[in-house]
Structures are given as C-alpha cells and as structure tokens.
Amino acid sequence: MQNNVNKPDNISTPYETARNCRHYAMCKIDFLGSGICDSGLEKHFVSFYPQGRMILYEALSENKISITEKCIEIADSCNLCGKCDYQCYFLNEMRPTKVMEALKDHVATYIKNGGKVKSAKEDRILTEIKKIVGENWATNDEAITITYSHDLSPISDPKIPDYVVMPNTKEEIASLVKLFNKNKITYTIRGNGQNLLGFAVNVGVIIDLNRIKTIEFDEKNWYVKIGPGVAAFDLQKQAQKRGYRINAGEPAALVCANIMCSGIMSTFSTTYGINADNFIDAEFIDKDGSLFILNDPSSPNLYSYKNLEHKNSPGICVSASIRLHPVIDDERGILVPFQTLTNAVDFIRDCAIRHIGLALGIVGAEYISTFLSPTKKSASEIKNIFVDKLDIPYLVVVIGDKYAIRTISEMGYPFFDQRLFNALYMGLPSLKSAQWMDLIKELSDDEPYSYLRLKSFADLLETALSPSPALYSQEVDPELRPFFEKLFYKPEMTDLVWLNMYRIMSTRLGRKKPFLPVLIYLPIDNALINELNNKFRLIAEKFNIDNDFGFITPIDNGKRCIFEYDYFFDHNDPEELRRIRLAATEANTLVDEYSVKTGTVKGHPYVLYQGFCRKENLLYS
Amino acid sequence: MSLQNKPTTALTGATGFLGSHLMASMLTTGYRIIALGRSNKEGTLKERIFKLMRWFGIEALDGQLELVEIDFLKPFLGLPESEYKELCAKTEQIIHCASDTSFSERKRENVFKSNVASLKGILDFAEDSKADFFHYISTAYVAGTGVTYCKEILSSAKSFTNVYEESKAAAENIISRFCQKSSIRLSIIRPSIVYGDSQTGRSLKFNALYFPIRSAQSIRDIYLNDLYNNGGIKAAKNGIYLDKDGYLFLPLKIYLPEEGYLNIIPVDYFVNATIKIIENCSQGGIYHLTNNLPTTMKIVAKYYEQLMKVRGVEIIYGLQPDNLLRNPAEELFDRFIEPYRPYLSDKRVFDRTNACLATDNLNPPEFTYEIFKKCIEYAISVNWGQSIL
C-alpha cells in the first residue's frame, strides 16, 4: 500500500488511478451506451459505483478506514465487467478496473490473513432513520460514508458524514427533516456531488436523493415532472425519445440540484433561457419538514434574486416540472472559426439579437482540442494545430435549423458544417502530420478561412485525412480500440446537435487536471469581456495556476452573456490547492468589484440557492 | 577590399529574405553593417540574426556586424538620444530593405503602416546621420497595372495589382521627394520576383514562385496518399490515377487571363547586382533587376510534371468559362494561387538600361530545369522553410 503523493498524470498503479478520480459521477450515467455498473444500479449508494470504489480504495490505501462489512459487500459487488474502463478512459484516459481488482484483492487478502471485519454499530439515530427509509437505505458504515466525503470543489476539505441516507419519496424526506430537527442533527442534501463551492460535503447526515428517479411527462402542457434523483443525461434521453428537448446542464448533474445550485445553463440557454425559464413549477420540503409548492401564492418567493449575498437553502427540492422544447427535423450544428475573441463576441451578439440559431457558444482552442481529442497528448498537439496552423483560437458553436444556417452563410461567415466536422474529428490523427496545413493558413491571408467556401473542400479534407472510427481509435489504449472503433460508428458520437444536447464531452476538460470555472453574467460588451478575460488570466498567472478562456454563451436576446474562465489545479498537490484557493478568492473579489462598479456584472456563486430566480431579477436588478 | 574602403552601412530588413542575403554578401565582401531591427516572437534581433548567419555559414564577424534594436515609429528610432546620435555619427549609407510583403487587402492598414508610415523614422534618421546615400529596395511592379513597358522612372500609376505594389509606389515617391530636398543621393532598386540561389538552390523564403509548386505538390501528396493507403476511391472519383510508369495523372487545368510571362530572378543575381549598383552608381537612380528572358507558366508546369512525376497539368490562357466544373484539386489550386495569378502571365516588359549600365551588363540566368530542380529540391529538403533555421 502506497502513501505517497503523485502527479495527476501518473496513473500507473491502482492507488494513483484511484486518487486521480475526478469525482464527476459520469460512471453513474450510460453516456456511451455501453451500460453502467450493475451494482450501482441496484444499490444506488455512490459507494457501489466505480467512483465510490475509487474513493474507498484510496482511503484503504492510506489507512484512513478499516475493512468493514459494507467494504466487503462493495468489493464483492463488482463483477469486473470493465464498463467503467470505457467510460473513464473516454473522459479521463483512466482505467478504473485495475482499482476494482486491487480493491477486491486487498479485501480478500485481508480476510485470508485473518483480519477482523469491523461492524458499524447501529445507534438510536440510525435506527430512527431506518424506520423511515427502510433497512437498506441508511448506514453509518465508514466504507459508505467515506465515499461521500468529496465533491468537485477545491475550496473545501473532504468531510466524512456520520450517516448517509437514501430516501425514496418526498414524504420520507419530510420525516427525515423532522427527525433531524428534533435531534439537532446537521443534514446536507446531495445530488451527484457536483457542487463547486463545497456545499455537497458535510459532517452529520448526507441525504442522497439518487433513488427518487420519477419522470412523468405532461406533453399536453410541454413539461416533464421529475424527482430529485434524475440526472440531466437520463432526462434528456427520455425527452428525446418523445421528440422533445430539455435545457440540460452537466450530464451527470441531477436536474433539481442543478437548478437549486446554479440554475441550468447551456449553449441552448441562448433561446431556452436560464434559471426560472427552465421550469414550470417545483415542490420543496422546507426546513420544518413541510411541503410547499413554488407556484402557491403563500410560498416563499424563490423567483427573487439578491446580488452579492449568499442565501440559505430554501429547503429540499423534491420535484421540478421541467419545460420541454420542440425539436425540428432539420436542426444541425456548425462551427464558425474566428481569429479574435472580439470578432467571435460580435458574431454571437449579432446572432442572438437577430434570433439566429437555437444554441450559441464561443469556445477557445483548449475546449475544442480537449473535446475532440481522445487523449491528453493528442489534445495538446491538436490545440497547437488549431492555434498555430489553422489560426483558429476561437470557434463559435451554432445549433440551428436550416434557415439559421443558411442565414449565417449569407452573413458571410465561412464555417465547418457537420460533414467537415466529421472529417476533422475522425481524421484527427492525420491532421497532425498534414503538410498542407501550413498552406491553409497562407490561403487565409486575404480572407480568413476562405478555404471553407470551396465547394469541394469537404471532399479534399476527407481525401487528405481519411477520417474513420478506426483511424481515430488508433490514438487510444490498444486494448480498448475495438470498443472505441465501434463506439464512433454511432452517428450521435459525431453529431454536433447530439453532443451539445448531452454535453458528454465537457467533462473531458478536467482530463488534464481538475478545473474550477469562474462563471459570470455580464453584458455582451467586448471591452468589458476582454478586460475581465485579461484580469482572470493575470490572477492565475500570479498564483502560477494553469488557466484558459472557457466559453461565452449569449442569453436573453443578446443583452447579456454567460462567461466562463477556467482555472486548472492538481487536487492531489496541497501547494497547488493552496494557490487555487487564493486565486479563486481573488477572482471572486474581482467579480464583486466589477459587480459594484458596473451594476451589470453578476457573479455566479451568489446564484447558489437562488437558482429558481427569474433571470430578469438575476441579470437586471 | 578593407573595411576602411567600404562605407558603414545601416541596413533595415536584415532578417527578411532579400535583406539577409544582402547582409551576408556585404559582410563577406568587407562591409561593416549596422542591422537595424526588432525582436519578435521568434526571438530577439540578435538571436534571429545569428541564426541567419549560421545558415549563411558566417561565423567570425570581427566587429563587422552591429545590431541595434529600433522602432521606426518612435522618435530617435526609439533609442536613447545619446545612442541615436552615436548611430547617426557612424552611419555612412542606408539600405532600406524592410518591408511588409503581404498582398492582402485586409492588411492594407498594416502594410501602409510598415511600408509608408514608418518611412518618417528612417528618413529622419537619414537626415540626422552622416549618410549621404540612401538605397531603397522596392519592386519592379510599382509600374502598376495597364502598363506594358515599364521605364526606370518614378511610378505615376493609379491602379495596382495589390496593396503591396501600391504601398511601395507611394514609398518611392515619398523617399524620392525627401532625398531631393535633403540632397541625399538615392538609388531605387526594383527586383521582380526573387527565388533561391541559382547555383545552390538555397533560399530562406518560399513564397511567390514556390507557392504554386508547393500547392500542387500538396495536392499531389493528398491523392497519392489516397491511392497508396485508402484504395484510391476519392482519386478515382476525380479521374486521378497512377500510370503504369509510376506517374500520377492528376488533371489540373490552370486558367490564366492571357498569354504572358513570369519574371523571376535568383537571389544571387539580386545580391550581386544590388552591390554593384551600390558601389558603381555614384549619382543614384532607378534600377530594374528583372529578367530579360522571363519564363512562362507552361514551362514551369512542364518542369513541375517532370520533377514531381505528374501528368495532367494544363495551362490555358483565357478567361475561365462561367459554371465550369472544377475538380477538388483544381478548386483548391485556384484558391491557392489567386494572389499570385497576376504575376503568372504578365505582359509587362521592363526597361533595364540603368541596371545594365550600373551592373556592367550583369544578367540573371534563364530559368532552366536544372535551376528549378535545384531550388525545389532544396525547398522540399527544408520542408518549405519549416525546418530551415
């Protein structure tokens, strides 16, 4: 058992792989169509998913916990099917199966050597909790509780809760709240632990909402009522089956928790909106354990927004009625390249004001290269090609119907259409050795990217790159190549519309290192955007933190935008954690200063627990 | 010739194609050079010049080369006043070779800033220094469009092929007026299109003549890859195939507006002729360094086919018919050569009277297959400049 500190890139041993788990909970959704961990589906606790086992193995390796009954159950429940390797490799280039094997070996060896298995002692509180949720859905076994000690935040230290409980109904939640109030026990609600501010970890009780996965469509009224355990990916899938779309956040994020914490935002927020635009109604269990319905006139006004103030949670969101949007047959995606951020911003503002396109977003070379590339090494090479050879530091993703795409063409912007995107994506390995790339840049001297207007450019690109799933898969671990080759024959894997709807690639941004996004709302004002972009960069440089422009999406008819700047950090390096915390504090202070100075800039952290607000209150009050 | 007999020469553009060749040659013939320039993202002025010197095989400079980081747009060239005065005191002649050679209309502002607005700094310096001779490296194409016989006189053209030509013509006029007013002798040296060394094939830059060849080679390689590695399905669709003798048949119809010439000179001729003009021509003047035996694209295409083992290139003089169906290779090639098209079938003839007199009838060589082969093989060996320095 090791107890050393390793770099994030070093994943040669099970321990190193385990401690480099990004905790994104992507192993809880079937985003590749390859299936997910059987035991996780059955047991629901995160501990029974690969993510939980990674945390457990890390803790065991560091002698933080003992072998318990649940620990044995968790280890035994893994059938080493290897599904998690596909998922985790796709996103983070890691293969958790070796951790699962190591966990099983570790437990087996311990028992074989006569090690004592610790039994969690059931106390009065646990007995009371179990009376409410049933024997199987509450525990104080440390093999379970340790797996709830992390979230995505670099700001908070891990905290191990005393109990984890998984209710199945809102009535059970109400009873739990009353029980905890009566016994003065701290409780914390947890979705999939994607909070960036450290609010999903705590001592006391963690209420994991993942069992409540009800999905009820009311197509007549264009909404779907969901329980708090429904993940964005799963909901989108159900909506798509019925011919609809929802505005979805991160795929593994639970939708109710997502609204509560930040409000849902995506590139589709350009037309679908943010915050209260995304739902019709919601139900809550308040602090006293009573149910209230958001649209009831006597309920607390969660549509309001208070800037520069951290509010307390209004309660537990136990259901939300999410708006459904129509899907048009001729929707397609394009990528419009730009040499400067200023030009890209002008373009998205113009499109948003004119209501051109359904979804719009500016992404930088870091984003696009990371999303497209199957490995870190490849991403780094592709980023250089995009910036240096193709002179494409920025791309605007546009999803629109045929009329929107035609309009953009008429506006005079050359773009990569779906066919060119396919060629570029599946031909990525050839791109790196393509001699003709240097000519392409010179070709753009007079008019940037004019080669994209050539009628036969797609044909030439296909000839030059020989794109295919087989070629693309050459970049991945040889053992996984057959799987990846098959995977990339699935049309959705290269479909810009699908990729934007499901956002499965965004987690790849944390492949090199976990990242902390600095998110703000502000007017689409080039001077202001460039100023803040520069200042966020300078802060990161001051603290020696890897950083890059994230994305910009216009909202509310082009009056405002969402702007993300990303700071990257090694979550296993205490010194880097210290610096990212300082950088984050300084960045937030900067946003506060601009918020006061301009009256138009709004920092994202204040949306926590105010995610149900009207966007007008958030953006303009 | 000893250093004492040669005027100390301030040279701009020493990191560029023509400037670097000129500098290297002048250093080896005993000139003391003060290279005026700037650092850029590729390195400091010193780093860039030293890289170039290594490429030219020049190592020991014995105090012959001085480097001064300057900014044309700032007073005193951006130098402290004392340094500026010192520079002025030792400069005996100036060769202004620095230039933005972009043809792009989109870059008009930058091109005019580099080629015209920045003149004030260098001309003020000329006036302040003890230099009594100013040599300006221009282009033969300041003659503009619509002219058939181009004399060695100042251009009064109103229309040009591109912004580069226009800016160089404007610069010539400004410099000429200034030198006249300041009683500084002026020579204006106007090369046509310059390619690599006719003896060795070596070159530092691979645009102009090289660009169409490089474009055609890239297109060839794309289809060869398709034929060798992917069954040639795409190639077959476009009528591209490998002949039995290993030649690639790649139909490439190149339309040029009218029958004309490609006026190219090798850089060794440019350097030798320029040094002769600088040394022989005491009163100054305008000199066309052009080729009186210009080549044609038909000849270049033939050379290309021979060297690259390709068939199917066809030069067609006349306007391209509307709605002509172009294969992908032709469409891409058309786009690649678009900025250079006016120079590929040029009907202009250049007066060389002054140049012949000043250079003792030094003439550039005819563009033969041997020269073509040498130059293109060198270009390919250095990956068209990607792995040169």
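Checking A:Ala540, A:Ala584 one by one, the residue that is outside the structural domain of A:Leu360 (by TED's automatic domain parsing), under 16 Å from A:Ser156 (Cα atoms) and either in contact (Cβ under 8 Å) with a residue 12 or more places away in the chain or in contact with a Pro (Cβ under 8 Å, 6 or more places away or on another chain) (or both) is A:Ala584 and no other. Considering region B:347-389, and only residues there that are within 14 Å of chain A (Cβ to nearest Cβ) and at negative phi, the residue that is surrounded by the most Cβ atoms within 10 Å (Cβ to Cβ) turns out to be B:Ala379.
Does B:Lys253 count as farther than 30 Å from B:Cys179 by Cβ, part of a strand (DSSP E or B), away from chain A (no Cβ under 14 Å) and not small (Gly, Ala, Ser)? The answer is yes for B:Lys253.
In region B:336-345, of all residues being buried (at least 19 other Cβ atoms within 10 Å of the Cβ) and within 9 Å of another protein chain (Cβ to nearest Cβ), the one that is nearest to B:Ala301 (Cα to Cα) corresponds to B:Phe336.
Quick one: is A:Ser380 within 13 Å of chain B (Cβ to nearest Cβ), of a type outside the set (A, V, I, L, M) and either buried (at least 22 other Cβ atoms within 10 Å of the Cβ) or assigned to a helix (DSSP H, G or I) (or both)? Criteria not met by A:Ser380.
Selection within region B:151-173: residues that are without any contact (Cβ under 8 Å) to a residue 24 or more places away in the chain and in a loop (DSSP other than H, G, I, E, B). The member of this set that is surrounded by the most Cβ atoms within 10 Å (Cβ to Cβ) is B:Ser155.
Candidates A:Ser39, A:Ser47: the one that is without any contact (Cβ under 8 Å) to a residue 60 or more places away in the chain, among the small types (Gly, Ala, Ser) and over 26 Å from A:Thr375 (Cβ atoms) is A:Ser39. Between B:Asn238, B:Asn207, the distinction of being over 30 Å from B:Cys356 (Cα atoms) and either modelled with pLDDT of 95 or more or surrounded by fewer than 22 Cβ atoms within 10 Å (Cβ to Cβ) (or both) belongs to B:Asn238 only. Among the listed residues A:Ile74, A:Ile173, A:Ile144, which satisfies the condition of being part of a helix (DSSP H, G or I), assigned by TED's automatic domain parsing to the domain that holds A:Leu41 and touching a Gly at 6+ places or on another chain (Cβ under 9 Å)? Only one candidate passes the filter, namely A:Ile74. Comparison of B:Thr44, B:Thr29, B:Thr101, B:Thr91 shows that the only residue that is of a type in the set (S, T, N, Q), within 14 Å of another protein chain (Cβ to nearest Cβ) and touching a residue at least 24 places away in the same chain (Cβ under 8 Å) is B:Thr101. Of all residues in region A:286-317, exactly one satisfies the criterion of being in contact with a helix residue (DSSP H, G or I) (Cβ under 8 Å, 6 or more places away or on another chain), closer than 19 Å to A:Glu216 by Cβ and surrounded by fewer than 23 Cβ atoms within 10 Å (Cβ to Cβ), namely A:Leu291. Please work out if A:Met493 is crowded, with 18+ Cβ neighbours inside 10 Å and either closer than 25 Å to A:Thr97 by Cβ or at pLDDT below 95 (or both). Here the answer is yes, as A:Met493 does meet what is asked. B:Gly246: assigned to a loop (DSSP other than H, G, I, E, B), modelled with pLDDT under 95 and away from every other protein chain (no Cβ under 14 Å), yes or no? For B:Gly246, the condition - assigned to a loop (DSSP other than H, G, I, E, B), modelled with pLDDT under 95 and away from every other protein chain (no Cβ under 14 Å) - is met. Out of region A:424-436, which residues are more than 9 Å from every other protein chain (Cβ to nearest Cβ) and assigned to a helix (DSSP H, G or I)? If the condition is that a residue be more than 9 Å from every other protein chain (Cβ to nearest Cβ) and assigned to a helix (DSSP H, G or I), then A:Leu424, A:Tyr425, A:Met426, A:Leu428, A:Pro429, A:Leu431 are the ones that fit. Of all residues in region B:208-236, those that are closer than 29 Å to B:Pro339 by Cα, of a type outside the set (Gly, Ala, Ser) and more than 7 Å from chain A (Cβ to nearest Cβ) total 10. Any residue in region B:233-258 that is closer than 25 Å to B:Met297 by Cβ sitting within a Cβ distance under 8 Å of a residue that is of a type in the set (Lys, Arg) and part of a strand (DSSP E or B)? List the pairs, counting only those 6 or more apart or interchain. Final answer for the pair search is B:Asp243/B:Arg311; B:Tyr247/B:Arg311; B:Leu248/B:Arg311; B:Phe249/B:Arg311; B:Leu250/B:Arg311.
On inspection, A:Phe233 does not qualify as part of a strand (DSSP E or B) and not β-branched (Val, Ile, Thr). Number of residues in region A:414-423 that are assigned to a helix (DSSP H, G or I) and away from chain B (no Cβ under 12 Å): the value is 5. Within region B:116-145, the residues that satisfy the criterion of being more than 21 Å from B:Thr101 (Cβ to Cβ), assigned to a helix (DSSP H, G or I) and of a type in the set (A, V, I, L, M, F, W, C) are B:Phe125, B:Ala126. Within region B:104-127, the set of residues being in contact with a Ser or Thr (Cβ under 6 Å, 6 or more places away or on another chain) and either more than 12 Å from chain A (Cβ to nearest Cβ) or among the aromatic types (Phe, Trp, Tyr) (or both) comprises B:Phe112, B:Asn115, B:Val116, B:Glu127. Within the span defined as region A:467-487, every residue fails to be within 14 Å of chain B (Cβ to nearest Cβ) and free of Cβ contacts under 8 Å to residues at least 12 places away in the same chain. Residues that are of a type in the set (D, E, K, R) and under 29 Å from A:Gly82 (Cα atoms): list the helices (runs of 4 or more DSSP H) wholly contained in region A:442-506 that include at least 2 such residues. Output list reads A:481-487.
The values are calculated or read from the model by the stated rules, or taken from the named source; none is laboratory data. On a predicted model such as this, the values are computed, not experimentally measured, just so you know. Heads up, the Cβs are rebuilt from the backbone with ideal geometry, glycines too, and the neighbour counts pull from every protein chain shown.
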